[in-house]
Amino acid sequence: MLTPDEIREIEAAIHSYEHRAAGCLEALKIAQAHRRWVSDETVRDVAALLGMGPAEVESVATFYSLIFRQPVGRHVILVCDSVSCWLLGYERLFAHLDRRLGLKPGQTTADGEFTLLPTACLGACDRAPALMIDDELYGNLDEAKLDALLDACRQKDRA
Amino acid sequence: MSERPLTENLKADGSPLSFAEYEAAGGYEAAAKALASLTPDEALKTVQDSGLRGRGGAGFPTGAKWSLAPRGERAVKPTYLVANADEMEPGTFKDRLLLEGNPHQIIEGMLLAGYAIGATAAYIFLRVEYTRAAARVRQALAEAYARGWLGANIRGSGYSLDIHLHTSAGRYMCGEETGLINSLQGRRATPRAKPPFPVVSGLFGKPTVVQNAETLANLPPILRRGADWYKSLSSSADAGTKIYGVSGRVKKPGLWELPMGATIREILEDRAGGMQDGRKLRGLLPGGASTDFLTPEHLDTPMDFNSIQRAGSRLGTGTMIVLDDGACPVGMVLNLTRFFARESCGWCTPCREGLPYLAQILQAIESGAGEPDDLAVLEEHTRLLGPGMTFCALAPGAVEPLQSALKYFREDFERHINEKRCPWSNG
């Protein structure tokens, strides 16, 4: 079931479009913001709210990289694996995450803290290698800076 | 120092111009002038005369695109305007600078474009990862509404325009004009058949003009200072200035606004400081991931649409990606091809099947398992996935770096196959 808050936010967002189905992606993003991921039930609920078929909503939900159809950790790490970051050695970042957290692309840590996903160019090519953690962008990274970011996430969760 | 109408007002600390700061720098003067003293046709003519070409990659003349929008009483309404701020071309980070640094200039540009084409509703299609830009655009939109520059009957002119901020959910295909329109309608970002072109039947089946964010930022200076002034900014066939960028192993990667037609050498050596110590230039993609390699022999080529095309590539987004001698050309092309294979929307078969196949062959070559025949297979596929063979421009763009790498770095491919290893790997 979508919560009253979610429904209110979705109804407000879809006013910007000519018909309700056009707000499908907005609705999925709003539900995901509340639940961290989009379950089968959420797909059906969004479909019912917007007057769409579940398969129609599913086709959209599975197309976009940042709609999560599986549970993700409390923090999602998006490491850019496009060309400028490749030239500046993004592989060091993946290797370090594997070493420190045992985390490979597509995986979530056993404690549910971090999910690691490779991502298309983040438009931070002058600060390569770059990554995002949740909604924040970080550039010019090396192992030490990445460690500091991971520690900050852990501290925030403990607080 | 030459004039820099897109970036001269940007603040050194990277914070955005407030409404008051933008207004003090001459902001919204062009909008005031257009609404008070120009008809939409006159505004359109100024943009046509300026010679402005789209800054998103394809370089289509902006005024010519607008002139195709239906006009008059019998035209289908509303006409939509969309700012394409889904900057996802690898190696490209120019629109971020404008969106984060001066969102009001893009909003004023949208107001001017909207007025010229008769649009009453507009969207800013922003990639969702640009969270800082989203907050700043949202703030700027609120300021523009509060000051009466957006909404109904703008400043008593009788012209009305609403702009909505739409954030995407991550997919390269959204940068393709018709894919973007499908995405705005809440669908998968697959491309649409053309014709009809979006300017006739686009968003929700209505006339729709899609312009790149940098293109829109050019409009306030053009309408304020005129077409002749704009043309005088450049010494090349293409008018105005361009935001050029450099990434890769150079001393100072970054962005610079320069007269259209600055040479590759000026951008790479004078602005980006040349290669990092100990690294030599081997090649560069002049305008993002989907452009052909150029080499050191092209350093004195002006970065304008025609000159780069004559050199065998495309200006694209004008943000170059530099290959140094410490990086493997096959590895770079493999990275690029994997990106395009992953981002292919799957709508048409050659792209959906062909790009993963190319990535597989390149992976084999890179890991030392390449066969002598592989190069011919790769070459054949650059034609099979080329212009006219696929539904949209994704695959033809994807094979541009590959086809030129096979020409310029052929020896490197052959060494991988003959030595059965990557010469750059330590293993």
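Condition check ((1) over 26 Å from B:E8 (Cβ atoms); (2) polar (S, T, N, Q); (3) free of Cβ contacts under 8 Å to residues at least 24 places away in the same chain) across all residues:
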{"site": "B:T79", "(1), (2), (3)": "yes, yes, no"}
{"site": "B:P103", "(1), (2), (3)": "no, no, no"}
{"site": "B:A113", "(1), (2), (3)": "no, no, no"}
{"site": "B:A119", "(1), (2), (3)": "yes, no, no"}
{"site": "B:I124", "(1), (2), (3)": "no, no, no"}
{"site": "B:Y130", "(1), (2), (3)": "no, no, no"}
{"site": "B:A133", "(1), (2), (3)": "no, no, no"}
{"site": "B:R136", "(1), (2), (3)": "no, no, no"}
{"site": "B:G156", "(1), (2), (3)": "yes, no, yes"}
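Please determine, by comparing only the residues of region B:315-327 that are within 10 Å of chain A (Cβ to nearest Cβ) and in a loop (DSSP other than H, G, I, E, B), which one is surrounded by the fewest Cβ atoms within 10 Å (Cβ to Cβ). Of everything passing the filter in region B:315-327, B:G326 is surrounded by the fewest Cβ atoms within 10 Å (Cβ to Cβ). Out of the residues in region A:17-32 that are closer than 19 Å to B:A189 by Cα and of a type in the set (G, A, S), state the one that is farthest from the other protein chains (Cβ to nearest Cβ). Residue satisfying both the conditions and the ranking: A:A27.
Look at region A:71-89: where a residue is small (G, A, S) and a partner is in a helix (DSSP H, G or I), sitting 6+ places away or on another chain with Cβ atoms under 8 Å, you get A:S82/B:N335; A:S82/B:F339; A:S84/A:C125. Considering each residue of region B:1-57, count those that are under 14 Å from B:L216 (Cβ atoms), in contact with an Asp or Glu (Cβ under 7 Å, 6 or more places away or on another chain) and part of a helix (DSSP H, G or I), and give that number. Matching residues across region B:1-57 total 2.
Any residue at all in region B:399-410 that is at negative phi, over 24 Å from the mean Cα position of the chain (by Cα) and within 13 Å of another protein chain (Cβ to nearest Cβ)? No, the conditions are met nowhere in region B:399-410. A:L88: modelled with pLDDT of 95 or more and either among the hydroxyl-bearing types (S, T, Y) or assigned by TED's automatic domain parsing to the domain that holds A:D142 (or both), yes or no? In short, yes.
Scanning region B:264-278 for residues being over 23 Å from B:G101 (Cβ atoms) and surrounded by fewer than 18 Cβ atoms within 10 Å (Cβ to Cβ) gives a total of 6.
Total residues in region B:361-395 satisfying the condition of being free of Cβ contacts under 8 Å to residues at least 12 places away in the same chain and not in a loop (DSSP other than H, G, I, E, B): the figure is 4.
Quick grid of which residues meet (1) polar (S, T, N, Q); (2) buried (at least 17 other Cβ atoms within 10 Å of the Cβ); (3) under 22 Å from B:G205 (Cα atoms):
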residue	(1), (2), (3)
A:E11	no, no, no
A:H15	no, no, yes
A:G23	no, yes, yes
A:E26	no, yes, yes
A:D40	no, no, no
A:A48	no, no, no
A:M52	no, yes, yes
A:E58	no, yes, no
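Filtering A:L122, A:L93 for residues that are modelled with pLDDT of 95 or more, within 25 Å of B:R96 (Cβ to Cβ), away from chain B (no Cβ under 12 Å) and touching a strand residue (DSSP E or B) at 6+ places or on another chain (Cβ under 9 Å) leaves a single hit, A:L93.
If you go through region B:331-357 and keep only what is among the hydrophobic types (A, V, I, L, M, F, W, C) and either in a helix (DSSP H, G or I) or away from chain A (no Cβ under 12 Å) (or both), you end up with B:M332, B:V333, B:L334, B:L336, B:F339, B:F340, B:A341, B:C348, B:C351, B:L355.
The values are calculated or read from the model by the stated rules, or taken from the named source; none is laboratory data. Everything numeric here is computed off the predicted structure, so don't read it as measured data. Cβ atoms come from the backbone with ideal geometry, glycine included; neighbour counts cover every protein chain shown.
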